[in-house]
Amino acid sequence: MRGKNGKPTHEVVKSLGRMKSKEDWEWAESVLEAMKKEEKVPEAKDLKIEQQFELGGIWAEEELWRDCGIREALMESIKHRKVEFKFERIVLLLAVNRLYEPSSDLSAHRWINERVYPPAEVEY
């Protein structure tokens with residue numbers, strides 16, 4: 001393609017971002033294959049977010065929880081009791097909830113059931 005001045009120009013058809021890793025290249029190749037097959041490739045602006053979960057903050061808090069010895073101290077405090085639920089996990093999530101959305105116990109219960117990912121990890 002040439003511009004009005006007769007010099008060659010280029011046109012960006014699809015920006016795939018910077019290719020830094022093998023996974024980036026594999027993803028770009030899959031997009032290219034989809035385009036060749038004339039499949040519609042979804043763009044971020046076209047996606048509708050129906051539900052959002054908390055994950056990163058929970059992972060960070062779990063790391064602190066372990067590094068500070070809270071998990072071990074908590075488990076030591078109940079070692080002579082028969083606990084039939086994931087005591088340490090629930091206490092951790094209640095603590096994380098206080099960082100995210102400090103509120104009532106009922107709201108914390110809802111937050112754990114509706115926003116924590118993966119939800120299957122908490123059993124009562």
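Annotations
- In the range 25-51, the residues that are assigned to a loop (DSSP other than H, G, I, E, B) and not basic (Lys, Arg): Glu38, Glu39, Val41, Pro42, Glu43, Leu47, Ile49, Glu50, Gln51
- The criterion of being of a type in the set (D, E, K, R) and in contact with an Asp or Glu (Cβ under 7 Å, 6 or more places away or on another chain) holds for Arg115.
- Index of the failed condition, Ser21 passing every other in (1) of a type in the set (Gly, Ala, Ser); (2) over 30 Å from Ile112 (Cα atoms); (3) surrounded by 10 or more Cβ atoms within 10 Å (Cβ to Cβ): (3)
- Taking residues in the range 51-69 that are small (Gly, Ala, Ser), and partners anywhere that are open to solvent by 50 Å² or more (accessible area, probe 1.4 Å) and part of a helix (DSSP H, G or I), the pairs with Cβ atoms closer than 8 Å and at least 6 places apart or on different chains are Gly57/Leu99; Gly57/Tyr100.
- Qualifying residue in the range 114-122 (condition: open to solvent by less than 100 Å² (accessible area, probe 1.4 Å) and at pLDDT 90 or above): no
- Options Val83, Val91: the member that is of a type in the set (Val, Ile, Thr) and part of a loop (DSSP other than H, G, I, E, B): Val83
- Candidates in the range 52-75 are the residues that are at pLDDT below 90 and either touching a helix residue (DSSP H, G or I) at 6+ places or on another chain (Cβ under 6 Å) or not in a helix (DSSP H, G or I) (or both); of these, the one that is surrounded by the most Cβ atoms within 10 Å (Cβ to Cβ) is Ile58.
- Selection count where residues are small (Gly, Ala, Ser) and at pLDDT below 80, scope the range 9-26: 2
The values are calculated or read from the model by the stated rules, or taken from the named source; none is laboratory data. Small disclaimer: the values here were computed from a predicted structure and weren't measured. We place every Cβ from the backbone using ideal geometry, glycine too, and count neighbours over all the protein chains shown. When the accessible area is computed, the model is the full protein with side chains, heavy atoms only, and any ligands, DNA or RNA have been set aside. Shrake-Rupley method; radii C 1.70, N 1.55, O 1.52, S 1.80 Å.
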